[in-house]
Amino acid sequence: MKLSELAERIDAELIGDGAIEIASVGPLDNSRAGQVSFLANAKYIKQLETTGASAVIVGKSVRVDNVPLLVTRDPYLAFSKAIVALHGYRQHPFSGVHPKAFVEPTASIGAGTVVYPGAYVGHRVAIGRDSIIYPNVVIYEDCVIGDRCIIHGGAVIGADGYGFASSSGEHHKIPQIGNVVIEDDVEIGPGTTISRAALESTVIGKGTKIDQQVVIGHNVKIGQHCLIVAQVAIAGSTTVGHHTTLAGQVGVAGHLTIGDKVTVGAQSGVMHDLEEPGIYAGTPAMPFAHARRVYSIFSELPELQKRIKELEARVEELTADGPEIV
Amino acid sequence: MKLSELAERIDAELIGDGAIEIASVGPLDNSRAGQVSFLANAKYIKQLETTGASAVIVGKSVRVDNVPLLVTRDPYLAFSKAIVALHGYRQHPFSGVHPKAFVEPTASIGAGTVVYPGAYVGHRVAIGRDSIIYPNVVIYEDCVIGDRCIIHGGAVIGADGYGFASSSGEHHKIPQIGNVVIEDDVEIGPGTTISRAALESTVIGKGTKIDQQVVIGHNVKIGQHCLIVAQVAIAGSTTVGHHTTLAGQVGVAGHLTIGDKVTVGAQSGVMHDLEEPGIYAGTPAMPFAHARRVYSIFSELPELQKRIKELEARVEELTADGPEIV
Amino acid sequence: MKLSELAERIDAELIGDGAIEIASVGPLDNSRAGQVSFLANAKYIKQLETTGASAVIVGKSVRVDNVPLLVTRDPYLAFSKAIVALHGYRQHPFSGVHPKAFVEPTASIGAGTVVYPGAYVGHRVAIGRDSIIYPNVVIYEDCVIGDRCIIHGGAVIGADGYGFASSSGEHHKIPQIGNVVIEDDVEIGPGTTISRAALESTVIGKGTKIDQQVVIGHNVKIGQHCLIVAQVAIAGSTTVGHHTTLAGQVGVAGHLTIGDKVTVGAQSGVMHDLEEPGIYAGTPAMPFAHARRVYSIFSELPELQKRIKELEARVEELTADGPEIV
């Protein structure tokens, strides 16, 4: 593809020779002729001067002479479009349901959807169009998967929620008669498990992207266009709004409400509702600026303790001085 | 089923018309005629007045006129019985070992046990009666599974424990020649992995319920009727007593002893034995009441720091005053 | 095997009757005649006097009369050699690719490698010699696995990295066109997921041992002979050196550098580079000795708060005294 055509495809301003042929993308520090790279993080700006790439996608404020530039407001987004333009998405080695997948006869699978070997699709499951079910995914009965969804290897959708009624110290299984509903354009990482609701539906909203080894408890409702990063666990009956991000290893207690446009930092423990949009971090989760101060002081607790000791000594001295003065 | 019959089945006192027909269960805020719901959490008591359910299971202290009541000491337990009475447990679409499961010929599988497609059952594995092995479960050779056990999709039982002898900076694999023994009435969530013992048996006691994506290290012994919630990790050779609960994302170090009737709060880090019954929380795990105070002060460390600064200023002033006085 | 022969095989000094027959290994507190056991941890030294074992492997400083000893500098290493000598590693019930595995025709699998039922090996995957792919492992296209690697049940290698370009609040999938390269002698635990790189390769270095349910993000490079313990999560583009240990449930942020011979304690949160060899712990990760003091003070924050209150009262008193003095 000519560089000029690529510039048009990714909606960037071209500075340099548009006739150059671009065949693929590469990283800034390890590209060769025929590749386009990108600079989105100022940390790597030195690599721009020595890159072997034939062109580099950059932000509006960057100018260099050694290599043709594709200038755009959002270089990362533009680069992602370049990857799509030059490489496209995975080509599947078959179409439809692979004969080595197991799909119950009462399940329905939309046109353009592929189901890989080893996947299990239970009774009355409905999967929309153009979705991808990778190898060894398990989808329990009655779950609903939308259009253009991607479920990666080994994910388990709709296993029984962790529901027991305890009596005299023993735990009696409560039938989980609900299901899981995954709306359109959702991606689910490998090893993630999403529990079916006790009574109604566990819901993953349209456009939400869930990373690997995430746990979603029963009856949880996640809104649209959220990012749920690796090893997050959300306990039962919690509701998450739209455009919310939970970073890696975050734990969220059950029966909580997390609002729209909330971001929770990695490893945080959320034990209370977080209704206001904003960034939170820490355990218990606090507004980010506050959490920064808390963890900074925490890391220097020995210093704080020393200051208290010194104060005690000085106050002791002052008190001892007292009588002398009097 | 008539409401009067349901009342009898779940051992509740009926207040209202016993002739009403009940077909299914529903949530308090979203039920319709023919459904029975429940109120176990006072937080939702307002929903009782507007529920569309034909009857509601409630505790002894609750009385309303707008809907027939099933009164019982433990509404949650009674509701779970109602779900069993009205809906029952999952009906499997086949019986015995599904032809798409893979069971080594030396394995033995008890009457009434079902093994779903894609499950792997290794050499000499023994599974008891009326157990359920869901799709894509992997059970390594020589493991023993009891009666009425449930193992959810993608769980892996009996993979090698993480045992290496390190020498000159390299790690040499130690054959893990033990197995895993899962006693009767155990449920294991999707994606959970339980390592085989180095020499003897990793044991999960009767009636213990393990949630999804839990890690059980080699040689661990878990007692009876425990609850091990999602993403808990228990390191090798630790012993857990009976009726103990580990909440979500708890980590337990190796070679420890956790006693009977211990509850450890979510995300806690257990680095020492917890032998006394009681509730613990935090990292390092502390008695719950103490942990509450610790985390409350922790969240207000900037305030504590400010008080120290003020003390320093005042002591400075007092010290400075000193010479003037003298 | 005669005890004298075993002593030679494990390179230990024999004290006692070398003609004794040894058939297997057993734990110190539960061995019988014909078994060899070991003592590596002084905590268990009392068991040495009452062991039923026919011989015990011990360190240089241990001497007892009641049982023949195999004396060595590193009893744990010697015991691991004894297990190999007496029991060996798992014998597979078949050789090569099991007919119930699914291997794309363009994949290549080296001599001596076994692929268990239910495993999926994608297009152009290359697996070296004498490796073991356990049941229901998923390996996406173009990944490379070395010689003598072991990948346990349900692990997923090479699923798409979590890469999205967000625009107007929606997240657009970036094709992940790289792969995963696993060098020789790597072991990967059950349920672990390793993401393919966005552009190049996610790399696991030679001899590194990864435990169960570990998350490795895209573009991560892990060096040689590392230990990555259960439920660790390493975010994208982070580099880990050689001979480094990350203990259970550690989280490492993205784009960081962790050096050689670094050890990070369980549950720590690594948010900054850790380039110097040494032991770190806590959140944020700190040098171990410092972390110990921090967490010790943390656990006693109520005491610290009390001391501040007392100081305030005394300073108040001193200040109040002031005017009286003047």
Based on what the data block shows, is A:Ala85 more than 23 Å from A:His218 (Cβ to Cβ), small (Gly, Ala, Ser) and at pLDDT 95 or above? yes
Only one residue in A:Leu70, A:Leu77 is of a type outside the set (Gly, Ala, Ser) and touching a helix residue (DSSP H, G or I) at 6+ places or on another chain (Cβ under 9 Å). Which one? A:Leu70
Which residues, taken from region C:284-325, are open to solvent by 30 Å² or more (accessible area, probe 1.4 Å) and among the hydroxyl-bearing types (Ser, Thr, Tyr)? C:Tyr295, C:Ser296, C:Thr319
Criterion violated by B:Thr283 - all others in (1) under 24 Å from A:Val232 (Cα atoms); (2) in a helix (DSSP H, G or I); (3) among the β-branched types (Val, Ile, Thr) satisfied: (2)
When you look at B:Leu86, is it in contact (Cβ under 8 Å) with a residue 40 or more places away in the chain, within 28 Å of the chain's Cα centre (by Cα) and open to solvent by 20 Å² or more (accessible area, probe 1.4 Å), yes or no? yes
Could you tell me how many of the residues in region C:25-43 are open to solvent by 20 Å² or more (accessible area, probe 1.4 Å) and touching a residue at least 40 places away in the same chain (Cβ under 8 Å)? 1
Does region A:193-206 hold any residues that are free of Cβ contacts under 8 Å to residues at least 60 places away in the same chain and either open to solvent by less than 10 Å² (accessible area, probe 1.4 Å) or more than 9 Å from chain B (Cβ to nearest Cβ) (or both), and which are they? A:Thr193, A:Ile194, A:Ser195, A:Arg196, A:Ala197, A:Ser201, A:Thr202, A:Val203, A:Ile204, A:Gly205
May I ask you to list pairs of residues, at least six apart or on different chains, whose Cβ atoms are under 6 Å apart, with the first in region B:277-301 being touching a residue at least 12 places away in the same chain (Cβ under 8 Å) and the second being assigned to a helix (DSSP H, G or I) and open to solvent by less than 50 Å² (accessible area, probe 1.4 Å)? B:Ala281/B:Ala291; B:Gly282/B:Ala291; B:Val294/C:Leu301
Would you tally the residues in region A:226-241 being free of Cβ contacts under 8 Å to residues at least 40 places away in the same chain, farther than 21 Å from C:Gly254 by Cβ and in contact with a Ser or Thr (Cβ under 9 Å, 6 or more places away or on another chain)? 4
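Here's the yes/no breakdown for (1) aromatic (Phe, Trp, Tyr); (2) touching a Leu at 6+ places or on another chain (Cβ under 6 Å); (3) at positive phi; (4) surrounded by 24 or more Cβ atoms within 10 Å (Cβ to Cβ):
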position	(1), (2), (3), (4)
B:Thr208	no, no, no, yes
B:Gln212	no, no, no, yes
B:Lys221	no, no, no, no
B:Gln231	no, no, yes, yes
B:Leu256	no, no, no, no
If you scan region B:195-240, which residues turn out to be among the small types (Gly, Ala, Ser) and under 13 Å from the mean Cα position of the chain (by Cα)? B:Gly207, B:Ala230, B:Ala233
Conditions (1) at pLDDT 95 or above; (2) over 20 Å from A:Gly163 (Cβ atoms); (3) in contact with a helix residue (DSSP H, G or I) (Cβ under 9 Å, 6 or more places away or on another chain): number failed by B:Leu48: (1)
(1) open to solvent by less than 60 Å² (accessible area, probe 1.4 Å); (2) under 30 Å from B:Asp211 (Cα atoms) all hold for A:Asp273 apart from (1)
For C:Ala119, the lone unmet condition from (1) more than 14 Å from chain A (Cβ to nearest Cβ); (2) out of contact with any Asp or Glu (no Cβ under 7 Å at 6 or more places or on another chain) is (1)
Checking A:Gly154 against (1) within 14 Å of chain C (Cβ to nearest Cβ); (2) on the phi < 0 side of the Ramachandran plot, only one condition comes out false. Which one? (2)
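Yes/no per residue for (1) surrounded by fewer than 21 Cβ atoms within 10 Å (Cβ to Cβ); (2) on the phi < 0 side of the Ramachandran plot; (3) in contact with a strand residue (DSSP E or B) (Cβ under 6 Å, 6 or more places away or on another chain); (4) not charged (D, E, K, R):
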{"residue": "C:Thr50", "(1), (2), (3), (4)": "yes, yes, no, yes"}
{"residue": "C:Arg73", "(1), (2), (3), (4)": "yes, yes, no, no"}
{"residue": "C:Ala82", "(1), (2), (3), (4)": "no, yes, yes, yes"}
{"residue": "C:Arg90", "(1), (2), (3), (4)": "yes, yes, no, no"}
Looking for something assigned by TED's automatic domain parsing to the domain that holds B:Cys226, polar (S, T, N, Q) and over 23 Å from the mean Cα position of the chain (by Cα) - is there at least one such residue anywhere in region B:124-141? no
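Kindly provide the set of residues from region A:121-153 that are within 16 Å of A:Ser201 (Cα to Cα) and among the β-branched types (Val, Ile, Thr), ordered by number.
Once the filter is applied, which keeps residues that are within 16 Å of A:Ser201 (Cα to Cα) and among the β-branched types (Val, Ile, Thr), region A:121-153 yields A:Val125, A:Ile127, A:Ile139, A:Val144, A:Ile145.
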Determine the pairs where a residue that is more than 17 Å from C:Thr202 (Cβ to Cβ), located within region C:157-173, has a partner that is among the polar types (S, T, N, Q) and in a strand (DSSP E or B) with Cβ atoms under 8 Å apart, the partner being 6 or more residues away or on another chain. C:His172/C:Ser166
Of all the residues that make up region A:136-155, how many are within 15 Å of A:Asp184 (Cβ to Cβ), part of a loop (DSSP other than H, G, I, E, B) and not acidic (Asp, Glu)? 4
Taking the criterion of being open to solvent by 30 Å² or more (accessible area, probe 1.4 Å), in contact with a Leu (Cβ under 7 Å, 6 or more places away or on another chain) and of a type in the set (Gly, Ala, Ser), would at least one residue in region A:163-173 satisfy it? yes
Looking at region C:64-76, is at least one residue more than 22 Å from the chain's Cα centre (by Cα), of a type outside the set (Gly, Ala, Ser) and within 14 Å of another protein chain (Cβ to nearest Cβ)? yes
Residues that are aliphatic (A, V, I, L, M) and surrounded by fewer than 20 Cβ atoms within 10 Å (Cβ to Cβ), drawn from region C:108-119: C:Ala111
Please count how many residues of region B:120-135 are part of a loop (DSSP other than H, G, I, E, B) and either modelled with pLDDT under 95 or open to solvent by 10 Å² or more (accessible area, probe 1.4 Å) (or both). 5
Tell me which residues, restricted to region B:270-295, are over 21 Å from C:Gln267 (Cα atoms) and either more than 9 Å from chain C (Cβ to nearest Cβ) or among the acidic types (Asp, Glu) (or both). B:Glu275, B:Glu276, B:Pro277, B:Gly278, B:Ala289
Kindly establish whether B:Gln267 is facing chain A (nearest Cβ under 10 Å) and under 20 Å from B:Gly251 (Cα atoms). yes
Kindly indicate the residue of region A:10-38 that is more than 14 Å from every other protein chain (Cβ to nearest Cβ) and within 14 Å of A:Ala78 (Cα to Cα) and also nearest to the chain's Cα centre (by Cα) among those meeting that condition. A:Glu13
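The values are calculated or read from the model by the stated rules, or taken from the named source; none is laboratory data. Here the structure is a predicted model, which is why all the values come from computation and not from measurement. When we count neighbours, we look across all protein chains shown, and the Cβ atoms used for this are built from the backbone with ideal geometry, even at glycine. Protein only, heavy atoms only, side chains kept; ligands, DNA and RNA dropped before computing areas. Shrake-Rupley method; radii C 1.70, N 1.55, O 1.52, S 1.80 Å.
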